[in-house]
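Peer 1: Can you keep this structure in mind? I'll have questions shortly.
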């Protein structure tokens with residue numbers, strides 16, 4: 001990968017990586033750090049990473065950095081969830097989903113985002129996160145059940 | 001055959017929501033829901049857990065991530081080519097400089113052309129033509145014919161014709177008409193020869209005599225065309241004959257003009273976006 005291809009990756013992938021990192025960390029400032037760090041690693045490894053593999057590589061680095069940041073910082077607070085989790089006056093599904101996402105642990109959150117935002121298969125998610133396919137299935141199953149129960153409970157409140 | 005039961009249906013619903021079910025598994029799930037329609041709302045709830053990316057959330061610091069793109073192509077040549085390329089560049093500059101110094105408008109080449117043209121031309125028999133400027137077209141036609149004419153040595157001019165004219169034996173090789181060596185010999189003649197009156201010349205000496213008497217007149221004419229600065233210079237103060245001073249000035253003017261052209265050529269190379277860098281082990285051409 002040369003500089004021109006790297007810059008193309010910046011233009012095409014930085015937005016998606018930023019959204020992923022933001023939802024993973026729950027902090028916009030942390031997401032900026034994760035994106036910057038991920039592209040720095042990509043630039044350092046540009047001789048080894050082809051353009052076709054760049055996206056998976058970036059999400060792999062971003063996933064690890066997001067998890068590491070969370071584990072190193074005991075101060076972690078997921079602030080992306082809206083303060084008012086849900087209100088009949090403001091029935092915004094996106095806010096409800098953001099609140100539901102905040103109920104998950106960092107790993108399950110990352111798996112859900114890789115699946116829903118980027119459309120990766122179980123196998124691809126396993127390659128990015130270092131988990132095997134069965135583990136991915138289990139984590140995602142638990143995450144979906146948690147999210148569904150949250151949504152159902154909100155509906156019950158309604 | 002996929003068996004969906006009350007114990008495992010959630011797993012298949014999650015896989016359905018994730019788009020991971022095969023055709024047979026999906027049909028089995030739909031059959032199970034057909035038999036248990038009360039679970040349809042649960043499947044809908046699972047499908048609603050899919051996160052939707054917000055396209056308005058963009059990374060606004062892309063510029064800080066971009067790397068400079070080098071447009072220049074860099075060719076790194078092997079070590080053994082280094083000296084060959086360097087010698088070639090030096091030779092090119094020398095030849096180019098010499099050609100600029102002695103171009104076709106140069107007085108020295110005019111002198112040569114007069115020699116070559118008259119040696120083989122039809123004007124040989126007419127000594128009066130020596131004081132006129134030779135026709136360029138005629139010269140162009142005559143030069144190739146003169147290539148094989150070699151005048152080995154100029155015999156001294158007869159005593160009654162040598163008054164006011166200094167000649168010396170000059171070997172002129174006309175096989176390479178445009179080489180600087182020939183031009184330099186012509187310069188030597190310009191330096192040493194004063195203006196000569198048309199005079200009768202013996203048949204065997206007439207070719208060289210033509211050259212000898214023709215050069216100073218051409219040199220003076222060139223000076224007038226170029227409008228050389230007539231301000232009093234160091235040369236004017238030298239105790240030399242006026243003709244020699246004029247010759248020196250003409251030569252100095254030509255050298256200055258040639259130097260200026262070489263300098264402009266060097267600047268053009270410098271501004272042509274081509275750089276040559278010679279390191280210890282590599283010769284790097286950037287363009």
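For (1) within 14 Å of chain A (Cβ to nearest Cβ); (2) surrounded by 12 or more Cβ atoms within 10 Å (Cβ to Cβ); (3) without any contact (Cβ under 8 Å) to a residue 24 or more places away in the chain; (4) touching a helix residue (DSSP H, G or I) at 6+ places or on another chain (Cβ under 9 Å), each residue gets a yes or a no:
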{"position": "B:3", "(1), (2), (3), (4)": "no, no, no, yes"}
{"position": "B:9", "(1), (2), (3), (4)": "yes, yes, no, yes"}
{"position": "B:13", "(1), (2), (3), (4)": "yes, yes, no, yes"}
{"position": "B:17", "(1), (2), (3), (4)": "yes, yes, no, yes"}
{"position": "B:23", "(1), (2), (3), (4)": "no, no, yes, no"}
{"position": "B:28", "(1), (2), (3), (4)": "no, yes, no, yes"}
{"position": "B:34", "(1), (2), (3), (4)": "no, no, yes, no"}
{"position": "B:44", "(1), (2), (3), (4)": "yes, yes, yes, no"}
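Peer 1: Also: Please verify whether residue A:140 is within 11 Å of chain B (Cβ to nearest Cβ), under 17 Å from residue B:11 (Cβ atoms) and at pLDDT 95 or above, treating the condition exactly as stated. Give the derivation first.
Peer 2: Details: within 11 Å of chain B (Cβ to nearest Cβ): yes; under 17 Å from residue B:11 (Cβ atoms): yes; at pLDDT 95 or above: yes.
So residue A:140 fits the description; yes.
Peer 1: Scan the range A:114-133 for residues that are within 12 Å of another protein chain (Cβ to nearest Cβ) and either surrounded by fewer than 18 Cβ atoms within 10 Å (Cβ to Cβ) or farther than 16 Å from residue A:64 by Cα (or both) and report the count. If you could, list the steps in order and put the result at the bottom.
Peer 2: Initial filter on the range A:114-133 (within 12 Å of another protein chain (Cβ to nearest Cβ)): A:114-125, A:133.
This time we only want the ones that are either surrounded by fewer than 18 Cβ atoms within 10 Å (Cβ to Cβ) or farther than 16 Å from residue A:64 by Cα (or both), so: A:115-124, A:133.
Looking only at that region, the number is 11.
Peer 1: Turning to a different aspect of this structure: Which members of the range B:55-67 meet the condition of being in a loop (DSSP other than H, G, I, E, B) and facing chain A (nearest Cβ under 7 Å)? Steps first, please.
Peer 2: Here is the first cut: in the range B:55-67, the ones in a loop (DSSP other than H, G, I, E, B) are B:55-61, B:66-67.
The answer is B:57, B:58, B:59, B:61, B:66, B:67.
Peer 1: Still on this structure, I have one more. Residues that are away from chain B (no Cβ under 14 Å), at pLDDT below 90 and touching a strand residue (DSSP E or B) at 6+ places or on another chain (Cβ under 9 Å): does the range A:59-75 have at least one? Reasoning before the result, please.
Peer 2: Step one: list which residues in the range A:59-75 are away from chain B (no Cβ under 14 Å), which gives A:60, A:63-75.
Next, only the ones that are at pLDDT below 90 stay: A:66-75.
Of the ones still in play, those that are also touching a strand residue (DSSP E or B) at 6+ places or on another chain (Cβ under 9 Å) are none.
Within the range A:59-75, none of the residues are away from chain B (no Cβ under 14 Å), at pLDDT below 90 and touching a strand residue (DSSP E or B) at 6+ places or on another chain (Cβ under 9 Å).
The values are calculated or read from the model by the stated rules, or taken from the named source; none is laboratory data. All of these numbers come straight from a predicted model, not from anything done at the bench. With ideal geometry, Cβ positions are generated from the backbone for all residues, glycine too; neighbour counts draw on all protein chains shown.
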